[in-house]
Amino acid sequence: MKRRFLLCTAAPLALWSGSAIFSHGAAAQVTIPLPSAPGSVPQTGTPATIPLPQPDTGPETGPEPTPAPPAQEPIAPQYPIGPHGRPDINPYDRDIDMTVPLTFQSSSLGEIPLRLTADDRFLIESETFLRLMKSVLNDPAHVDLTAKLTNLPQFGQEDLEETGVALTYDPSTLAVVVVEVAPEQRAIRDLFAPPRDDISDVSLQPATLSGYLNISASGVYIWESDESIDPPTINFDGAVRLGPVVFEGDAQIGQQFGLTGDSYKLTRNYARLVYDEPEDYRRWFLGDLDPEIRGQQAFVSMGGVGVLRQRRRFNAFRSAVLQSNRQLILQRDSTVRFLRNGSLYREIRLQPGRYDFSSLPLIAGSNDIDIQVIDNTGAVQDLSYSQYLDPIDLDPGDHEYGAFFGPTSKRFGRAPDYRGPVAFSGFFRKAFFDAPAIGIGLQASKDVQMLSGQTQFVLGNGGRILFDGGVSHSKIAGEGYVGGVSYEHYIDRGGLADSFTIRADYVSDNFSSLNNLEGVNTTSLTASVQYTRQFNLKFLTTSTASYLKGRGNVGDSYRLGTTGYYRLNREWTFRAGVDYAKYPSSLTRGSGFSVSAGLVYQPDYRRRAEARYESRDSIKELSYNQSGLNQMNSVGFGAVVAHEDNSTRGQGYASYSANRFDASISHASFGPSISDFGQVNATSVRVGTTLAFADGMFGIGRRINDSFMLLSAHDNLDNRSVVAGQSLAENNYISKSGALGSAVNNFLGSYSTQSVQYDVEDPPTGYDTGPGVFRIYPAYKSGYAARIGTDAFVSAMGTLVLGPDKPVSLIGGRVNLLDVEEGENPQPVPFFTNSVGRFAIANLLPGRRYQVETYGPNGTIDKSFEFTVPADTDGLVNLGTVRPGMKK
């Protein structure tokens, strides 16, 4: 009997378009939301269904479409018919339990428990099947399937009749294959979905209480100085997280210079509480604030309370896409081409189903999108629409806001004092689907108030124009205003791109802000232009021009320049440029004509060498840098040698990353000329370490910037070390546990799913150290505690036989703990043998007794044997040859 995969068949697809080319065949449809008329309410929810007319049976107009080869139905492997009238997928005549992949369209959906019955049927666990099919079926179809299987712990092929879903078992690949899902039942597939975190596979949660303290000490020694050496500067920064609340701070102990003399004291840079609401993309602050600003707003240090709503803070990947529910339904296998502004963006081969292309990445400005579909019959259909992307740093439809309130600090770059007036600083910005984005801002204190706004318009030629401005009132300066306008144009040339930007800003004489109460503005007008031209994949140029008009005694200045970059090969790049600058007479240095040239060698992302020359200051410089890695025993180093008018300098530096600390050293020499090089020499040294804890676990490591994980070995691993890192190949570890505590993975970011790999050095044979990787989704400055190993670390192996040369082949069963202690609730674990009767059992407790039961026909218990795990085992127990009924 020949068994073929079931494939859905339907009418050819046709897409609605005024210039579409139709081939002979049945009508089809495409589902696309209709564009809103000006002033109408945008459509949401279910997209409109546009029926397509029947094509004319007369002669076709336009070019003859090239027929695509007909799709070949995949043929399932053929198996002989067994004694039960079915394909003989189980030749062993007894039930076999196993875990196999569930696949759909050549992709694995996950692992699923399967039972091959003695009568050549296969049974699947309903709960796991329904969970894995959620990514394949749309909601109504999944509800119907759930209702069909809800009362069946296991089901077979016949239970799926009239559900639109069909399965088969492929013994050659040991997989269950979903061979049919009706197109109208399939979940919508996003063709251009941006990366998103899948937090469903997170295997470890953050510690309830965690924290870290970064400590570094640095000092400088000037060899020619007769003065005493200043004491080292010691910097502290860190965070403590308790539940959802984080306390973070930064301080230093160092030499402070002042009018009344020098002093060595502790100064605070910031200290604050942070509380996140990641589901709403919102963060709250209490303490020292660093207010975020937009548009014409001015920065000022504040102390008090603040709130910030910002999607990209909790989702670092910003998808520059349109989100407006554009969908199509394919009834046949088709090739779909997406063209953006006349250039091919992507060509995809798609099977029948529902697809969403609303996440198609757009460029800033106007986008003309053409979609071409060629189905199996060769029919070609086209769809065209236009859309613009408003690049105000927000996704279309998204919004952001910030509000900060408290006393201001009159110091900048030092410990805040908050002796200034109480002030408010805030903004709100919104990006729309069908209208220009807008933003407003307000900053106010009793002495000065400033209101700002911004908006932009996307033009039909692929450009945009942005306006922003503000008005102010100050007790000292009176009323003032500021305004700016910019125009940006991005040109997509089919793999090459040019860009043009021009901006101008005007500031009135009395315009004031929170950090400029007096309204002192030495420049009235600034203007700049930049044009980048990409001639080919190797050569591009950037041309710039800028002009500043001074006010009062400050003169005007301007600068014109062009720089070209030519990539000689993958490693070498040549750069050359010319420019002319004119600065006020008080700044005579730097005015005039200048040429520059440079040669860059960069064989990889770590190493970079450059030779450059600039005629304006007669600068000649050679440099080389090799950056270190965040790994144990990693070394970075580099050097710079430069000569310019009346100055020669040279510097060499190196850094080293150890397991528990990192260190760097630098030496620089200076002189007025090459012959006098070395008149002044300075050496600086820095050493840093980190103390970290999480839920009772402690470790010393290298600097932590956000989140971290501590890893240590279970007590039954004795003194063996745990190593942690992104990659364990070639012993490239981030850290290693030992006498100073746990291994510290210091390189975790927040609000993104990440993998943390680990291993145990020289574990006992058979010891189960776990999967070797944790999947985590860290919160802001969170810590994790991972104990590697378990009480149930023993593995047992052996061979199950009925007699000499009679192995029990490919049999399934279960393993039960017999001597269950109070409070334990052990669950049976699967058991199976291979074709020669060999078996292995993991996660056993030392000193405990177990029973193995094997299944007979129809899931009945057929045979069993018992064994005891030695209490002094180091991880592997060899049971040897085992017969049913035996007790070891």
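The values are calculated or read from the model by the stated rules, or taken from the named source; none is laboratory data. As the structure is a prediction and not an experimental result, all values here were calculated from the model. Here the Cβ is made from the backbone with ideal geometry for all residues, glycine too, and neighbour counts use every protein chain on show. With ligands, DNA and RNA removed, areas are computed over all heavy atoms of the protein, side chains included. Shrake-Rupley method; radii C 1.70, N 1.55, O 1.52, S 1.80 Å.
Out of the stretch 266-281, which residues are among the hydroxyl-bearing types (Ser, Thr, Tyr) and open to solvent by less than 70 Å² (accessible area, probe 1.4 Å)? Spell out the reasoning first.
From the stretch 266-281, those among the hydroxyl-bearing types (Ser, Thr, Tyr) are 267, 270, 275, 281; that's our starting set.
Passing the criteria: 267, 270, 281.
Given the criteria touching a residue at least 24 places away in the same chain (Cβ under 8 Å), open to solvent by less than 10 Å² (accessible area, probe 1.4 Å) and not hydroxyl-bearing (Ser, Thr, Tyr), does residue 748 qualify? Before the answer, list the steps.
Details: touching a residue at least 24 places away in the same chain (Cβ under 8 Å): yes; open to solvent by less than 10 Å² (accessible area, probe 1.4 Å): yes; not hydroxyl-bearing (Ser, Thr, Tyr): yes.
Yes.
Taking the options 332, 318, 312, name whichever one is at pLDDT below 90, open to solvent by 20 Å² or more (accessible area, probe 1.4 Å) and not in a loop (DSSP other than H, G, I, E, B).
Numbers: 332 fails: not in a loop (DSSP other than H, G, I, E, B); 318 fails: not in a loop (DSSP other than H, G, I, E, B).
Checking each option against the conditions leaves just 312.
For residues that are surrounded by fewer than 22 Cβ atoms within 10 Å (Cβ to Cβ) and either under 25 Å from the mean Cα position of the chain (by Cα) or under 22 Å from residue 272 (Cα atoms) (or both), tally how many sit in the stretch 293-302.
Residues meeting the conditions: 3.
Conditions: (1) open to solvent by less than 50 Å² (accessible area, probe 1.4 Å); (2) outside any loop (DSSP other than H, G, I, E, B); (3) in contact (Cβ under 8 Å) with a residue 60 or more places away in the chain. Residue 652 meets all but one. Number of the miss?
That leaves (3) as the condition not met.
Quick check: anything in the stretch 173-193 surrounded by fewer than 17 Cβ atoms within 10 Å (Cβ to Cβ) and modelled with pLDDT of 90 or more?
No.
Just one of the numbered conditions (1) open to solvent by less than 50 Å² (accessible area, probe 1.4 Å); (2) in contact with a strand residue (DSSP E or B) (Cβ under 6 Å, 6 or more places away or on another chain) is not true of residue 516; which one?
Condition not satisfied by residue 516: (2).
Which count do you get for residues in the stretch 809-851 that are within 22 Å of residue 766 (Cβ to Cβ) and touching a residue at least 24 places away in the same chain (Cβ under 8 Å)? Before you say what the answer is, go through the steps one by one.
Of the residues in the stretch 809-851, the ones within 22 Å of residue 766 (Cβ to Cβ) are 813-819, 826-834, 836-851.
Those left that are additionally touching a residue at least 24 places away in the same chain (Cβ under 8 Å): 813-819, 830, 832-834, 836-851.
Qualifying residue count for the region: 27.
Let's see how each residue does on (1) touching a Pro at 6+ places or on another chain (Cβ under 6 Å); (2) part of a loop (DSSP other than H, G, I, E, B); (3) open to solvent by less than 60 Å² (accessible area, probe 1.4 Å):
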| residue | (1), (2), (3) |
| --- | --- |
| 624 | no, no, no |
| 643 | no, no, yes |
| 664 | no, no, yes |
| 673 | no, yes, yes |
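Is there any pair linking a residue in the stretch 279-294 that is under 24 Å from residue 452 (Cα atoms) and basic (Lys, Arg) to one that is open to solvent by 70 Å² or more (accessible area, probe 1.4 Å) and not in a loop (DSSP other than H, G, I, E, B), with Cβ under 6 Å and at least six apart or on different chains, and which?
No pair meets every condition.
Quickly run through the stretch 507-520 and pick out the residues that are more than 42 Å from the chain's Cα centre (by Cα) and without any contact (Cβ under 8 Å) to a residue 40 or more places away in the chain.
508, 510, 520
State yes or no: is residue 141 part of a helix (DSSP H, G or I), touching a residue at least 40 places away in the same chain (Cβ under 8 Å) and within 37 Å of the chain's Cα centre (by Cα)?
Details: part of a helix (DSSP H, G or I): yes; touching a residue at least 40 places away in the same chain (Cβ under 8 Å): yes; within 37 Å of the chain's Cα centre (by Cα): yes.
The answer is yes for residue 141.
In this structure, does residue 563 turn out to be open to solvent by less than 40 Å² (accessible area, probe 1.4 Å) and of a type outside the set (Lys, Arg)?
On the way: open to solvent by less than 40 Å² (accessible area, probe 1.4 Å): yes; of a type outside the set (Lys, Arg): yes.
So residue 563 fits the description; yes.
Take the residues in the stretch 89-138 that are assigned to a strand (DSSP E or B) and of a type in the set (Ser, Thr, Tyr), then tell me which one is least open to solvent (accessible area, probe 1.4 Å). Quick ask: steps written out before the conclusion?
Residues of the stretch 89-138 assigned to a strand (DSSP E or B): 96-104, 107-116, 122-125, 137.
Checking the rest, the ones that are also of a type in the set (Ser, Thr, Tyr) come to 99, 103, 107-108.
On the way: 99: 89, 103: 29, 107: 62, 108: 78 Å².
Per the stated criteria, the residue is 103.
Can you find a residue that is touching a Leu at 6+ places or on another chain (Cβ under 6 Å), surrounded by 15 or more Cβ atoms within 10 Å (Cβ to Cβ) and closer than 19 Å to residue 278 by Cα anywhere in the stretch 216-239? Walk me through it before giving the result.
Taking the stretch 216-239 first, the residues touching a Leu at 6+ places or on another chain (Cβ under 6 Å) are 238.
Now narrow it down to the ones that are surrounded by 15 or more Cβ atoms within 10 Å (Cβ to Cβ): 238.
Keeping just the survivors that are closer than 19 Å to residue 278 by Cα gives none.
Within the stretch 216-239 (the criterion being touching a Leu at 6+ places or on another chain (Cβ under 6 Å), surrounded by 15 or more Cβ atoms within 10 Å (Cβ to Cβ) and closer than 19 Å to residue 278 by Cα), the answer is no, since none of the residues qualifies.
Residues of the stretch 626-641 being open to solvent by 40 Å² or more (accessible area, probe 1.4 Å) and assigned to a strand (DSSP E or B), which ones?
Residues satisfying the conditions are 635, 637, 639, 641.
Conditions: (1) among the hydrophobic types (A, V, I, L, M, F, W, C); (2) under 27 Å from residue 810 (Cα atoms); (3) surrounded by 14 or more Cβ atoms within 10 Å (Cβ to Cβ). Residue 81 meets all but one. Number of the miss?
(3)
From the residues in the stretch 572-591 that are open to solvent by less than 90 Å² (accessible area, probe 1.4 Å) and more than 20 Å from residue 534 (Cβ to Cβ), which one is modelled with the highest pLDDT?
Step by step, filter the stretch 572-591, then rank; the result is 579.
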